[in-house]
Amino acid sequence: MRVPTEEQERRRSHSRLRQSLARDRQMIAQRGRGIALQYGFRLKGDWFGRRSWPRWQEELPPWLHRVAEPLRATCLFVHDQIRAQDEVIEKSSTAPLPKGMGPLTEQILQREAADWSRFKNRRQVSSYLGLCPSENSSGPRQQQGHITKSGNPRLRWVLCEMAWRLLRYQPGYRGVKKWRPHLAGLRTTKAKKKQALVALARTFGVDWWRICTGQTTPEKLGLLMQPAALK
């Protein structure tokens with residue numbers, strides 16, 4: 001257990017506020033979809049968007065416009081606030097990043113971990129991420145279950161999203177080389193693919209800790225880097 005400094009907590013508050021606003025936007029947008037579906041209309045995607053809404057205005061009756069308009073206006077306001085938070089957070093990212101990792105992802109990882117050097121080994125990192133399997137072993141019998149989901153849920157969510165981008169943009173990364181066959185196998189079940197994706201997220205989480213603490217370099221891990229100017 002570690003208490004962050006006031007500065008670290010202040011920086012972390014920005015990214016957490018951004019995630020809270022994103023959940024609020026999703027909830028309000030879903031409420032609008034529910035109201036439309038009640039009358040036989042299906043609002044899809046970001047129906048409240050400035051580009052999408054004119055098309056829905058042609059398909060929906062005027063009275064439904066008036067019902068959905070307060071929800072649409074609220075979604076747009078929250079959306080603009082999220083964009084404003086993105087700009088504040090991304091300005092703090094200045095170093096070159098692996099291809100597929102944006103400045104927002106990098107800053108969420110940095111702000112949630114606060115100080116990567118506080119972890120002494122990969123087991124501590126995996127435990128904090130909550131991506132290591134649970135144990136139900138006794139004597140010679142060894143049985144591993146679902147991931148523990150302990151530690152920081154925001155880091156876990158970001159790393160699982162990052163795992164999908166690694167598969168697309170980092171074919172030479174050592175973690176992708178190890179787990180891609182499990183994800184691409186025709187006979188691999190959906191559950192096994194999910195396990196492989198979580199394992200890839202855990203691998204990258206540990207490797208990112210090693211990079212941030214100077215134990216290795218992205219090039220040694222097979223990560224392609226993008227210049228800071230192209231972020």
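The values are calculated or read from the model by the stated rules, or taken from the named source; none is laboratory data. Quick caveat, the model's predicted, so the values are computed rather than measured. All Cβ positions, even for glycine, are placed from backbone atoms using ideal geometry, and neighbour counts span all protein chains on display. Heavy atoms of the whole protein, side chains included, go into the accessibility calculation; ligands, DNA and RNA do not. Shrake-Rupley method; radii C 1.70, N 1.55, O 1.52, S 1.80 Å.
Candidates A163, A184, A196: the one that is modelled with pLDDT of 90 or more and either among the acidic types (D, E) or over 25 Å from E90 (Cα atoms) (or both) is A196. Highlighted here are the helices (runs of 4 or more DSSP H) found entirely within segment 165-231 that include at least 1 residues which are of a type in the set (D, E) and open to solvent by less than 70 Å² (accessible area, probe 1.4 Å): 190-212. For segment 26-48, the count of residues that are under 23 Å from the mean Cα position of the chain (by Cα), among the aliphatic types (A, V, I, L, M) and open to solvent by 80 Å² or more (accessible area, probe 1.4 Å) is at least one.
Yes/no matrix, rows are residues, columns are (1) surrounded by fewer than 18 Cβ atoms within 10 Å (Cβ to Cβ); (2) assigned to a helix (DSSP H, G or I):
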{"residue": "T74", "(1), (2)": "yes, yes"}
{"residue": "D80", "(1), (2)": "yes, yes"}
{"residue": "A95", "(1), (2)": "yes, no"}
{"residue": "I108", "(1), (2)": "no, yes"}
{"residue": "S117", "(1), (2)": "yes, yes"}
{"residue": "R123", "(1), (2)": "yes, yes"}
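Residues considered: E69, E58. Of these, the only one that is out of contact with any strand residue (DSSP E or B) (no Cβ under 7 Å at 6 or more places or on another chain), over 29 Å from Y169 (Cβ atoms), of a type outside the set (A, V, I, L, M, F, W, C) and open to solvent by 80 Å² or more (accessible area, probe 1.4 Å) is E58. Inclusion of E58 among residues that are closer than 17 Å to E161 by Cβ, part of a helix (DSSP H, G or I), among the charged types (D, E, K, R) and without any contact (Cβ under 8 Å) to a residue 40 or more places away in the chain is not warranted.
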